[in-house]
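Derivation of every value follows stated rules applied to the coordinates shown; laboratory data play no part. Not measured: the values here are computed from a predicted model. Cβ atoms come from the backbone with ideal geometry, glycine included; neighbour counts cover every protein chain shown.
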């Protein structure tokens, strides 16, 4: 299976703290994407990083990619209670999003 | 942004009945849609790729006669779970790519299917 592994599986932090979640994958990629899923809802695209990029920022989000280690991390800075959700990495091996492979997900709980 | 509308959001049915789930692209044309299945606290598993005007491409292990996919127009794809059984109970999500929006996917809000 090409499914990526994410860790931690669950993360509980207090509002204002930073949250870091990691994703590892098995085969070479064209790009890696991060999605957020609120409980019982669909997924929302957060950020995409290409295989030739090492770091990318979007607001409070910072994504890194290490293709030599086949891993990526998502950092959410100054977390808020509204950030509570599950976060999934998804690898695109073809560059066409024709078959994204989703990781196992990290459930983030941000408490007040 | 692009909107993918999925209905119903929740359905409860008796074992042996068929259930149809609709996925519509509201403000764009989707030549390709994807159907995923998700078990509680688990990842999304791609079931099939739905192509407008042609047969769907199913992933290995997915029964095409069990999960019928129809993509008759550029804005609508449907997934029919035929003769549903309790083990089919799951969260089903559709998604689509938007031409010009890059490689990211836009997702519907999902359908929670419970088969009694």
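What separates the Cα centres of region B:82-116 and region A:1-35 is a distance of 22 Å. For region A:41-103, the gyration tensor built on C-alpha atoms gives an oblate shape. Its axis ratio a/c (a ≥ b ≥ c) is at least 1.5, and a/b is not larger than b/c. Placing R0 at 35 angstrom, the Cβ-Cβ distance between residue B:85 and residue A:30 gives a FRET efficiency of 0.40 after rounding to 0.05. Residue by residue along B:27-36, Cβ atoms of other protein chains within 10 Å of the local Cβ number 1 on average. Averaged over the residues of A:99-108, the number of partner chain Cβ atoms lying within 10 Å of the residue Cβ comes to 4.
Checking the a/c ratio against 1.5 first, then a/b against b/c, what shape does the Cα gyration tensor give for region B:68-113? Since a/c reaches 1.5 but b/c is at least a/b, the shape of region B:68-113 is classed as oblate. Once the C-beta distance of residue B:29 and residue A:99 is scaled by a Förster radius of 22 Å, the resulting FRET efficiency is 0.60 to the nearest 0.05.
Shown is the FRET efficiency for residue A:54 and residue B:14, computed with R0 = 45 Å from the Cβ-Cβ distance and rounded to the nearest 0.05: 0.25.
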